[in-house]
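Engineer: Structure below; questions to follow.
Values in this text are rule-based calculations from the coordinates and carry no lab data. This is a predicted model, so every value here is computed, not measured. Neighbour counts are summed over all protein chains in view; Cβ atoms, including those assigned to glycine, are modelled from backbone coordinates with ideal geometry.
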Amino acid sequence: MNFFLNFFKLTCLSIACFLVFSCSSTSAQNEPQVSVSEFAQIRTDKPNAIVIDVRTPGEYSGGTMEGAQNCNVKSDTFRDQVKDIDKDATVMVFCKGGVRSAKAKKILQEMGFTNVVDLEGGFDSWKNGGGKVVQP
């Protein structure tokens with residue numbers, strides 16, 4: 001009986017440890033997207049932040065954010081385009097609606113980037129929220 005009780009305790013402890021460690025590492029990488037106002041505030045607070053429009057070149061040419069560089073996340077060359085960016089810099093990403101930028105954020109984090117900010121709702125939310133739009 002004592003063997004089964006110890007086995008049960010050890011099993012419960014192992015499961016608890018697994019859950020704690022797997023949840024903590026996942027949550028750090030899956031930080032939520034930020035609102036338009038938060039995105040704008042970060043741009044103000046960190047004027048040297050690198051802003052990347054991850055949409056296609058055609059979408060980018062139709063209007064983008066001031067100072068944004070275009071690195072199409074759907075392109076086979078996306079990793080090459082961003083590889084020389086300082087991994088510790090604040091990197092801000094956006095797309096049209098928020099899906100591709102979430103993918104870009106994941107790729108950047110896999111590449112070792114430590115501070116990636118992703119705009120919730122993408123460029124559509126930026127425009128609808130009164131964000132400045134410029135022609136590249």
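Engineer: Considering the dipole of segment 92-136 built from charges on the beta carbon (Lys and Arg +1, Asp and Glu -1) around the Cα centre, which of V93, F113, N128 is farthest to its positive end?
Structural biologist: Final value for the positive-end residue is N128.
Engineer: Can you pull the Rg over Rh of segment 62-136, Cα-only, Kirkwood?
Structural biologist: Computed over Cα atoms, the ratio is 0.95.
Engineer: Could you give the dipole magnitude of segment 70-136 about its Cα centre, charging the beta-carbon of Lys and Arg +1 and that of Asp and Glu -1, in debye to the nearest 20?
Structural biologist: Using only the charged Cβ atoms, the result is roughly 240 debye.
Engineer: Tell me which lysines have Cα within less than 19 Å of K46's Cα, excluding those fewer than 8 residues away on the same chain?
Structural biologist: K87, K105, K132
Engineer: What spacing in nm lies between the two simple spin-label points modelled at K103 and R79, each 7 Å away from Cα in the Cβ direction?
Structural biologist: Taking the two extended label points, one gets 1.5 nm.
Engineer: Any idea how far apart D86 and V133 come out in nm if each label point goes 7 Å out from Cα toward Cβ?
Structural biologist: Result for the modelled spin labels: 3.2 nm.
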